[in-house]
1. What's the number of the only condition in (1) of a type in the set (A, V, I, L, M); (2) touching a helix residue (DSSP H, G or I) at 6+ places or on another chain (Cβ under 9 Å); (3) surrounded by fewer than 17 Cβ atoms within 10 Å (Cβ to Cβ) that residue 182 fails to meet?
2. Somewhere in the range 128-136, is a residue out of contact with any strand residue (DSSP E or B) (no Cβ under 8 Å at 6 or more places or on another chain), part of a helix (DSSP H, G or I) and exposed (fewer than 15 other Cβ atoms within 10 Å of the Cβ)?
3. Could you tell me which of the residues 239, 249, 218, 222 is open to solvent by less than 40 Å² (accessible area, probe 1.4 Å) and in contact with a helix residue (DSSP H, G or I) (Cβ under 8 Å, 6 or more places away or on another chain)?
4. Of all the residues that make up the range 76-118, how many are modelled with pLDDT under 85, surrounded by fewer than 20 Cβ atoms within 10 Å (Cβ to Cβ) and not in a loop (DSSP other than H, G, I, E, B)?
5. Pick from 29, 19: which is modelled with pLDDT of 75 or more and in contact with a Phe, Trp or Tyr (Cβ under 9 Å, 6 or more places away or on another chain)?
6. Can you find even one residue in the range 189-202 that is under 15 Å from residue 100 (Cα atoms), open to solvent by 30 Å² or more (accessible area, probe 1.4 Å), under 15 Å from the mean Cα position of the chain (by Cα) and among the polar types (S, T, N, Q)?
7. Considering the range 11-31 alone, what residues qualify as being more than 24 Å from residue 217 (Cβ to Cβ) and open to solvent by less than 50 Å² (accessible area, probe 1.4 Å)?
8. Every residue in the range 137-153 that is surrounded by 15 or more Cβ atoms within 10 Å (Cβ to Cβ) and touching a Lys or Arg at 6+ places or on another chain (Cβ under 9 Å), please.
Amino acid sequence: MALGNNAFNVVGAMLLGQFRLGFIIFGIFAFIGTLIAVIIVHEPSNLAEQTAQPKEKKRRMSLKDLESIFPSWHVGRDYYLALIGKLFQGVGNFAITGYILYIMTDFLHGGNQTQSSIQLINAIMLVFGILMGFVAGPLSDKFKVLKWPVGFSTIFLAIGALSLFLLRNNTGIIIYAFAAGLGMGIWNSLDNLLNLEVIPDPDRVAFFLGIYNLGNTITQAIAPVIAAAVIAWFGFSAIFIVSFIFSLIGGISMLCIKSVKR
């Protein structure tokens, strides 16, 4: 996550003046990466599986049927809080990272420093992302803490967004990079473990993890839409308030989980 999200943003910033070449280079990376993933995974063939039985006559899905798929709030409360936290954290994060180029050019008026500012932010986030990958897990295991670091990692994103809104200069950029880098590093290290702890049905782990991980794709899709609407209505400065509010709600949702003590 750290290498993909941050290291290649550093490379991408070098290609701001040659964006066509950048599309070609990253298109090749995506193609090769997909082939490597297919080779590594070795998904087995399903040709030997029995064909599905004829389906029963269709009927309307009742509320009871829906509850058999998605448990009630009483049963799945902590899982739903983790899912809410994931969605709000994602919007808070991608609302800024998805517009970082335009934030630098149109909001902070970075001019010739745009490339170096983007590289600085992503370099700091890359270092924290890799560092937390080695540190956050072992420390969580040693001190038996999980909910607190995940919850506060999202609040760090809120602090970073607020620093950009208030300072609007290089100091704000550096504070954002440190806060967001620390937050995302901890989050990427521990959030899936927290989700495993709150899954309401141990016999359907893959289903609940699949729904939870939709938070990665859905938020990347809707965050730029929300950000674009906010910018059009209220201007660039409002994007940081949106990121602050969403990240804060995400962190509080995580901290409200009861089944994981700390």
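1. With respect to (1) of a type in the set (A, V, I, L, M); (2) touching a helix residue (DSSP H, G or I) at 6+ places or on another chain (Cβ under 9 Å); (3) surrounded by fewer than 17 Cβ atoms within 10 Å (Cβ to Cβ), residue 182 is out only on (3).
2. We begin by selecting, within the range 128-136, every residue out of contact with any strand residue (DSSP E or B) (no Cβ under 8 Å at 6 or more places or on another chain); these are 128-136.
Keeping just the survivors that are part of a helix (DSSP H, G or I) gives 128-136.
Filter once more, so that each one left must be exposed (fewer than 15 other Cβ atoms within 10 Å of the Cβ): 134-135.
Scanning the range 128-136 turns up at least one residue that is out of contact with any strand residue (DSSP E or B) (no Cβ under 8 Å at 6 or more places or on another chain), part of a helix (DSSP H, G or I) and exposed (fewer than 15 other Cβ atoms within 10 Å of the Cβ).
3. The conditions single out 239.
4. Residues meeting the conditions: 12.
5. Working: 19 fails: in contact with a Phe, Trp or Tyr (Cβ under 9 Å, 6 or more places away or on another chain).
Checking each option against the conditions leaves just 29.
6. Of the residues in the range 189-202, the ones under 15 Å from residue 100 (Cα atoms) are none.
There is no residue in the range 189-202 that is under 15 Å from residue 100 (Cα atoms), open to solvent by 30 Å² or more (accessible area, probe 1.4 Å), under 15 Å from the mean Cα position of the chain (by Cα) and among the polar types (S, T, N, Q).
7. Of the residues in the range 11-31, the ones more than 24 Å from residue 217 (Cβ to Cβ) are 13-21, 24.
Of everything in the range 11-31, those that are more than 24 Å from residue 217 (Cβ to Cβ) and open to solvent by less than 50 Å² (accessible area, probe 1.4 Å) turn out to be 13, 15.
8. Residues satisfying the conditions are 145, 146, 147, 148.
The values are calculated or read from the model by the stated rules, or taken from the named source; none is laboratory data. Predicted, not measured: the structure shown is a model, and the values here were computed from it. Neighbour counts are summed over all protein chains in view; Cβ atoms, including those assigned to glycine, are modelled from backbone coordinates with ideal geometry. These area figures cover heavy atoms from the full protein model, side chains too; ligands, DNA and RNA do not enter into them. Shrake-Rupley method; radii C 1.70, N 1.55, O 1.52, S 1.80 Å.
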